[in-house]
Amino acid sequence: MNEENKDAVAMIAIWSVVIILLLGVSFGLMFGWQSFKVYSATQTGKAAYAEADQNRQITIVEAIATNEAATSQALAKIKIAEAEAQAEIARAKGVAQANQIIGDGLKNNEDYLRYLWIEKVAKGNHDVIYVPSENGLPLLEAGKR
């Protein structure tokens, strides 16, 4: 073989190697691209799942916080209502005691009741019908039996 043939064979060998390498790289990229697309889709799905899971957990925590806030508000309203009820009971007891004291003070106290009646008559512009009775005194207990 002469020198030119050797150079031609070397060139053919080099080009053959280059073509084989290019074909190998091309086939590798084609199959690699498919694998990369599958891998990329898997990673995208995992990321979407992780985001959805995190959003679900956030929603659960917010719902729990809202529930606890509503429960606290309800308990506060119950305590306020109980305190108002206790205050109303205390006022009612005070009124009952005052009525008892006034009632006890007015028992067997005809003179004071007569005085109050005279004061009312004197202050007001009322028509008073006087029904004479014994000793000329008004009938203060006419409705009682």
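For every residue, the table says whether it meets (1) part of a helix (DSSP H, G or I); (2) modelled with pLDDT under 85; (3) within 30 Å of the chain's Cα centre (by Cα); (4) not charged (D, E, K, R).
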site: VAL25; (1), (2), (3), (4): yes, no, no, yes
site: LYS46; (1), (2), (3), (4): yes, no, no, no
site: GLU68; (1), (2), (3), (4): yes, no, yes, no
site: ILE80; (1), (2), (3), (4): yes, no, yes, yes
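Quick grid of which residues meet (1) under 26 Å from LEU116 (Cα atoms); (2) touching a residue at least 12 places away in the same chain (Cβ under 8 Å); (3) among the acidic types (Asp, Glu); (4) surrounded by fewer than 10 Cβ atoms within 10 Å (Cβ to Cβ):
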{"position": "ILE58", "(1), (2), (3), (4)": "no, no, no, no"}
{"position": "GLU62", "(1), (2), (3), (4)": "no, no, yes, no"}
{"position": "ALA65", "(1), (2), (3), (4)": "no, no, no, no"}
{"position": "THR71", "(1), (2), (3), (4)": "no, no, no, no"}
{"position": "ILE78", "(1), (2), (3), (4)": "no, no, no, no"}
{"position": "GLY94", "(1), (2), (3), (4)": "yes, no, no, no"}
{"position": "ASP104", "(1), (2), (3), (4)": "yes, no, yes, no"}
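The values are calculated or read from the model by the stated rules, or taken from the named source; none is laboratory data. On a predicted model such as this, the values are computed, not experimentally measured, just so you know. Positions of Cβ are backbone-derived with ideal geometry, glycine not excepted, and every protein chain shown enters the neighbour counts.
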